[in-house]
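Engineer: I have a structure I would like to understand better, so I am pasting it below and will then ask my questions one at a time.
Please treat every number below as a calculation from the coordinates, not as lab data. If you're wondering where the values come from, they're calculated on a predicted model, not measured in any experiment.
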Amino acid sequence: MKLKPLNWDEVRLVDNYIPTLVQRHFIGFDDSLTPPQWWEIQYIVPNETKNLVKVMKLARQILRNKYFVPIVVAKDGWVIDGHHRYEAAKMLGAKVVPVQLAYSKYVRPARENPRLDVLSGLAAEAIKAGSWKNFLRDFSRDIKHGLYWHVTKDRFFEIDPSKGPTDASSMSDGGVGVGDLMFTSDLEHWVLYYGASRPYAAMIDVSSVPGSAYRQVGRGFGNEFYLNNAAEAGARVVRVVTTKTARRIDKKYSESLPQSEHELRRFYTHVTGRKT
């Protein structure tokens, strides 16, 4: 069945729900988007393959319902959210599409290196390290890999200034304070230790927290970190998922990490623009 061409004059743009989505899926992105603007479709850079049947279904919905949610892109056109909408608009013969820009505080969107969006947490660590030597030390010794978790029994876990650092735990060397937070880059260790008593994992974004503010804790439970006054320091919960989902996310992230010092050095140079 041939679809009729899309006429944007007949379509209204819907208020975008994407800011929350961007926060949940891209550590390091802030929650603001530019107002909708019109881009020629040739400048949009898709980076996922989509199901043709779903695209066709969405194209029909756009024609029938006459509304469209703007595509969220990085400043170079790299699609952050809206691959199906992009393909549907293209299928309907659109020459221009409405977009909104989302900016990352730390990652230069780079179509030649799609891993940067995935590794935006690590990119934040590279920026905060201040030098290649410090970044290498943080990465290899302190295991600051950019993706951090707090395993919890609370499905709706939030960083609460009135509560302690974990659900029911303490540091072996003391110093526990109300409003503090413990988190880990070694999710597997925590999941195995706590088991069914903590079935959820909160993804913690510390991209706005100075690297010197969170230190590794030697309790023997893997790569743990302790942060005083977490909310005030700028830490936030990106999303809370089951530990099963968290392990899948963590595994995929780990597979994307630089696997050698040479690769890590290239990553650092690309992100910071500094020579090593």
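Engineer: Once amide H atoms are placed 1.01 Å from N in the peptide plane, what residues at a sequence separation of 5 or more from Val45, or on another chain, have their amide H within under 5 Å of its amide H?
Structural biologist: Residues meeting the amide H criterion: Trp78, Val79.
Engineer: List every residue whose amide H lies under 5 Å from the amide H of Thr152, counting only residues 5 or more places away in sequence or on a different chain, with H placed 1.01 Å from N in the peptide plane.
Structural biologist: Amide H neighbours of Thr152, under 5 Å, 5+ apart: Tyr200, Ala201, Ala202.
Engineer: If you don't mind, another one. Can you compute 3J(HN,Hα) from phi for each residue in the range 200-214, using the Karplus curve 6.51 cos²θ - 1.76 cosθ + 1.60 with θ = phi - 60°, rounded to whole Hz and x for Gly and Pro?
Structural biologist: In residue order, the calculated couplings are 10, 9, 9, 7, 10, 9, 10, 4, 9, 9, x, x, 6, 7, 10 Hz.
Engineer: Within the set Lys57/Lys95; Lys75/Lys251; Lys66/Lys95; Lys57/Lys252, which residue pairs have Cα atoms separated by over 22 Å?
Structural biologist: From the list (Lys57/Lys95; Lys75/Lys251; Lys66/Lys95; Lys57/Lys252), the Cα-Cα distance tops 22 Å for Lys75/Lys251; Lys57/Lys252.
Engineer: Would you mind checking which residues have amide H under 5 Å from Val238's amide H? H placed 1.01 Å from N; only 5 or more apart, or other chain.
Structural biologist: Long-range HN contacts for Val238: Met203, Ile204, Asp205.
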